[in-house]
Amino acid sequence: MASNNFTYNIGTFQFAEGTLHLLTDNLAVLLVTPAYFQSNTVAFLADANSVSDLETFELTTASVVGYVRQPVLSRALTRVGDGGVTNGYVYLQAANVTFTALYTGNTVGGAVLIKDTGVNATSIPLGFYYITPTPTNGGDVSVRWANTSNGGALKIV
């Protein structure tokens, strides 16, 4: 399946509304199985309103020993440029995230950047990043954000 990254509507809305504060909110990355992306359209997925809407696809410590959501240091997000007046967007960059020693038990198919409140029902998805299906085998899985010319970690239009 071709790569298909996208932003979630709720994150874009909260950013525009002023209730999402990318530099001060707790941000995290979670991993989902390939079934999340393969069983739904992007338009359907982008309408998710909370992490509860995708939690059945998230890896768990029961399915992959060693799995835990990884924090993204909000204050480490940096504005790396803009698309200029004509293009009308800015993008943010962050340090890559590594999930270490994920034991055998599942397959990773994507990563989701979230505003993490500690409760799935109030945590919101911000961006989905396709990962070529990768079986867990005791090794590390890294989420490497796009380079800045391709939108960075999060492109805000």
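The values are calculated or read from the model by the stated rules, or taken from the named source; none is laboratory data. The structure displayed is predicted, hence computed values, not measured ones. Because the Cβ atoms are built from the backbone with ideal geometry, glycine has one as well, and the counts that use them run over all protein chains shown.
Would you check which residues across segment 47-74 are modelled with pLDDT under 90, of a type in the set (A, V, I, L, M) and under 13 Å from the mean Cα position of the chain (by Cα) and list them?
V72
Within the set of pairs 6 or more residues apart or between chains, which connect a residue that is farther than 16 Å from W145 by Cβ and among the acidic types (D, E) inside segment 8-32 to a residue that is part of a strand (DSSP E or B) and modelled with pLDDT of 90 or more with Cβ atoms less than 6 Å apart?
D25/K115
Looking only at segment 108-131, how many residues end up being surrounded by fewer than 16 Cβ atoms within 10 Å (Cβ to Cβ) and either touching a Ser or Thr at 6+ places or on another chain (Cβ under 8 Å) or charged (D, E, K, R) (or both)?
Pass one, segment 108-131, residues surrounded by fewer than 16 Cβ atoms within 10 Å (Cβ to Cβ): 117-119, 121-122.
Next, only the ones that are either touching a Ser or Thr at 6+ places or on another chain (Cβ under 8 Å) or charged (D, E, K, R) (or both) stay: 117, 121-122.
The total comes to 3.
Filter segment 1-37 down to the residues that are of a type in the set (S, T, Y) and surrounded by 16 or more Cβ atoms within 10 Å (Cβ to Cβ) and list them by number. Break it down stepwise before answering.
Here is the first cut: in segment 1-37, the residues of a type in the set (S, T, Y) are 3, 7-8, 12, 19, 24, 33, 36.
T7, Y8, T12, T33, Y36 - these are the residues of segment 1-37 that are of a type in the set (S, T, Y) and surrounded by 16 or more Cβ atoms within 10 Å (Cβ to Cβ).
How do the pairs read when you match residues in segment 90-101 that are under 12 Å from L22 (Cα atoms) with residues anywhere that are at pLDDT below 75 and of a type in the set (K, R), using Cβ under 7 Å and keeping only pairs 6 or more apart or on different chains?
If the second residue must be at pLDDT below 75 and of a type in the set (K, R), the pairs left are Y91/K155; L92/R79.
Okay, residues lined up against (1) at pLDDT below 85; (2) under 19 Å from F15 (Cα atoms); (3) assigned to a strand (DSSP E or B):
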residue	(1), (2), (3)
L92	yes, yes, yes
A95	yes, no, no
Y103	no, no, no
G110	no, no, yes
L113	no, yes, yes
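Confirm whether Y36 is among the aromatic types (F, W, Y), within 15 Å of the chain's Cα centre (by Cα) and more than 20 Å from K155 (Cα to Cα).
yes
Does segment 104-119 hold any residues that are within 16 Å of L20 (Cα to Cα) and of a type outside the set (A, V, I, L, M), and which are they?
K115, D116, T117, G118, listed by residue number.
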